[in-house]
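Notes to accompany the following structure.
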Amino acid sequence: MLKKIFLVEAIVLIALALGVKYWLPGFVEEQLNTVEPHPSWEISEEAAALHATIPVADLHADPLLWKRDWLERSERGHTDLPRMQEGGIALQVLTAVTKSPSGQNYESNESDSDTIAYLAMAQLWPMATWSSPFERARYQGQRLADWEARAGGAFQIIRTRQDLQALLEARSTGARVVGGIFGVEGAHALDGELANLDLLDTLGLRVVGLTHFFDNRLGGSLHGVSGEGLTPFGRAVVTEASRRKMVIDVAHASPQMVRDVLEINDRPVILSHGGFKGVCDSARNLDDSLMVELAQKGALIGVGFWDGAACDYTPAGVVKAIRYGIDLIGVDHIALGSDYDGATRVLFDAGEIAILTQTMLDEGFSEEEIRKVMGQNQIDFFLAQLP
Ligand SMILES: [Zn+2]
């Protein structure tokens, strides 16, 4: 009898272990990164021909967080290398997400819970990552290096302007190589130690998001409780990251933190993924007046593809938000900020991104406007800012 009970327990344990290893991570991602059912997006010959000449670039996506081989085509999520190639994407900022509050929302979050710990365990990440945001960032940076090592030249980490120039040259000869820029979504990834910036720098860190959904040691989140600006540690991080020619990302920062960054930082920043309150009055978005201030200091704004940023997240809705941004702050400051694989619902994935070129053509955008928003602005920005 005892033997039998032991056998049943053993079978249950093995089933649980296999479930955790093979089924659970995919199930979680499937629930969080959905492509909603949609008609097949028709791309005209004219739009396809124009799109094919644009090195598309996007300021924010989170596939590093999820347990699947990004080099292989997947039925899950919004991005993988084959879909990036299909979409004509030349450059993608790929960020490490390192801590998220339970009950995450746009209005108000405390900082005392940590759902990424469970995700790290469920995905069988190294044990050091279960308690340390820094270790989670390091692990995701190592995953990025692993993708590059196994991609046979089809995926390259971009650390310098020379890397980016080489990528553009390779693409101009027809190579479908995709460049990735490593970032962190929230500098709680430093575990409060400025020295950890150096370790992430060796993994190629070039985009430093200051906060995510909760207030951290750098200051207030747009979705936190304090609303405060940069703390002394926050100022130290901004100063040191800028000295290293990293780009500061103010997505998810409180309005006061955005103003503080603009005051102390003389390098232009990005707001990698978000939107304009004037066209989409969401707690996820910033007031138009602050967006104008950002643009006056040379910032690039990535317009998001999901409901919290665009409200209407159809291609027509996203393009409406892009048009609104161009009219408000000028075409030179508008970029793409998909938030692909960032626990978002979208209506077109990376392979279908040409629908934006099509929709902009339909809406009477000039070819120059389309080129700039779809990629040229982003590429020019990093060519100017990278070391
Ligand atoms: Zn985000």
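The values are calculated or read from the model by the stated rules, or taken from the named source; none is laboratory data. What you see is a predicted model; the values in this text were computed from it and never measured. Neighbour counts are summed over all protein chains in view; Cβ atoms, including those assigned to glycine, are modelled from backbone coordinates with ideal geometry.
Quick check on the range 221-240: of everything there that is small (Gly, Ala, Ser) and surrounded by 24 or more Cβ atoms within 10 Å (Cβ to Cβ), which residue is nearest to the ligand (Cβ to nearest atom)? Explain how you work it out, then say what you get.
Of all residues in the range 221-240, those small (Gly, Ala, Ser) come to 221, 224, 226-227, 229, 234, 236.
Those left that are additionally surrounded by 24 or more Cβ atoms within 10 Å (Cβ to Cβ): 221, 224, 234.
Details: Ser221: 11, Gly224: 14, Gly234: 18 Å.
This residue is Ser221.
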Can you name every residue in the range 157-174 that is over 19 Å from Ala145 (Cβ atoms) and free of Cβ contacts under 8 Å to residues at least 12 places away in the same chain? Glu169, Ala170, Ser172, Thr173, Gly174
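Are any of the residues in the range 362-375 assigned to a loop (DSSP other than H, G, I, E, B), within 30 Å of Ile116 (Cβ to Cβ), of a type outside the set (S, T, N, Q) and more than 16 Å from the chain's Cα centre (by Cα)?
The first filter runs over the range 362-375 and keeps only residues assigned to a loop (DSSP other than H, G, I, E, B), leaving 363-366.
After this cut, where a residue has to be within 30 Å of Ile116 (Cβ to Cβ) as well, the list is none.
No, every residue in the range 362-375 fails to be assigned to a loop (DSSP other than H, G, I, E, B), within 30 Å of Ile116 (Cβ to Cβ), of a type outside the set (S, T, N, Q) and more than 16 Å from the chain's Cα centre (by Cα).
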Identity of the residue in the range 140-163, part of a helix (DSSP H, G or I) and among the basic types (Lys, Arg), that ends up nearest to Ala117 (Cα to Cα): Arg143
When (1) within 16 Å of the ligand (Cβ to nearest atom); (2) touching a residue at least 40 places away in the same chain (Cβ under 8 Å); (3) among the aromatic types (Phe, Trp, Tyr) are applied to Tyr313, the one that fails is (2)
Picked from the range 122-139 (must be part of a loop (DSSP other than H, G, I, E, B) and not polar (S, T, N, Q)), the residue nearest to Leu16 (Cα to Cα) is Leu124
If a residue counts only when it is under 24 Å from Arg243 (Cα atoms) and touching a Ser or Thr at 6+ places or on another chain (Cβ under 7 Å), which helices (runs of 4 or more DSSP H) contained entirely in the range 256-340 have at least 1 such residues? none
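Among the residues of the range 333-349, is any closer than 22 Å to Gly88 by Cβ, more than 19 Å from the chain's Cα centre (by Cα) and at pLDDT 95 or above?
no
Can you tell me which residues in the range 164-186 are part of a helix (DSSP H, G or I) and either within 16 Å of the ligand (Cβ to nearest atom) or surrounded by 18 or more Cβ atoms within 10 Å (Cβ to Cβ) (or both)? Don't jump to the end; show me each part of the working.
Going through the range 164-186, the residues part of a helix (DSSP H, G or I) turn out to be 164-172.
Matches in the range 164-186: Leu164, Leu167.
Arg284 - would you say it is over 28 Å from Gly308 (Cα atoms) and at pLDDT 95 or above? So that I can check it myself, show each step before the final result.
Details: over 28 Å from Gly308 (Cα atoms): no; at pLDDT 95 or above: yes.
Considered against the rule, which asks whether it is over 28 Å from Gly308 (Cα atoms) and at pLDDT 95 or above, Arg284 comes out as no.
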Of the conditions (1) outside any loop (DSSP other than H, G, I, E, B); (2) of a type in the set (S, T, N, Q); (3) more than 16 Å from the ligand (Cβ to nearest atom), Gln92 fails just one. Which one is it? (3)
Expected single match for closer than 24 Å to Pro55 by Cα, assigned by TED's automatic domain parsing to the domain that holds Gly375 and either crowded, with 19+ Cβ neighbours inside 10 Å or within 16 Å of the ligand (Cβ to nearest atom) (or both) among Thr115, Thr98, Thr160, Thr79 is Thr79
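Confirm whether Leu218 is within 16 Å of the ligand (Cβ to nearest atom) and either over 28 Å from Glu72 (Cα atoms) or surrounded by 24 or more Cβ atoms within 10 Å (Cβ to Cβ) (or both). Can you show your working first?
Numbers: within 16 Å of the ligand (Cβ to nearest atom): yes; either over 28 Å from Glu72 (Cα atoms) or surrounded by 24 or more Cβ atoms within 10 Å (Cβ to Cβ) (or both): yes.
Answer is yes for this residue.
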Can you go through Ser272, Ser282, Ser289, Ser254 and tell me which one is in the same structural domain as Ala321 (by TED's automatic domain parsing), among the polar types (S, T, N, Q) and closer than 21 Å to Phe381 by Cβ? Ser272
Within the range 189-199, track down each residue that is surrounded by fewer than 24 Cβ atoms within 10 Å (Cβ to Cβ) and either in contact (Cβ under 8 Å) with a residue 60 or more places away in the chain or within 16 Å of the ligand (Cβ to nearest atom) (or both). Asn196, Leu199
Which numbered condition trips up Leu144, out of (1) modelled with pLDDT under 95; (2) within 21 Å of the chain's Cα centre (by Cα); (3) closer than 27 Å to Pro82 by Cα? (1)
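Restricting the search to the range 278-305, which residues are among the charged types (D, E, K, R) and over 17 Å from Asn105 (Cβ atoms)? If you could, list the steps in order and put the result at the bottom.
First pass over the range 278-305, keeping only residues among the charged types (D, E, K, R): 281, 284, 287-288, 293, 297.
Hits for the range 278-305 are Asp287, Asp288, Glu293, Lys297.
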Quick one: is Trp70 among the aromatic types (Phe, Trp, Tyr), within 21 Å of Val35 (Cα to Cα), touching a Leu at 6+ places or on another chain (Cβ under 9 Å) and modelled with pLDDT of 95 or more? yes
Can we say Gln123 is in contact (Cβ under 8 Å) with a residue 24 or more places away in the chain, more than 23 Å from Ser272 (Cβ to Cβ), out of contact with any Gly (no Cβ under 6 Å at 6 or more places or on another chain) and surrounded by 14 or more Cβ atoms within 10 Å (Cβ to Cβ)? yes
Within the range 60-68, identify whether any single residue is closer than 26 Å to Met121 by Cα, assigned by TED's automatic domain parsing to the domain that holds Leu336 and away from the ligand (no atom under 16 Å from the Cβ), and answer yes or no. yes
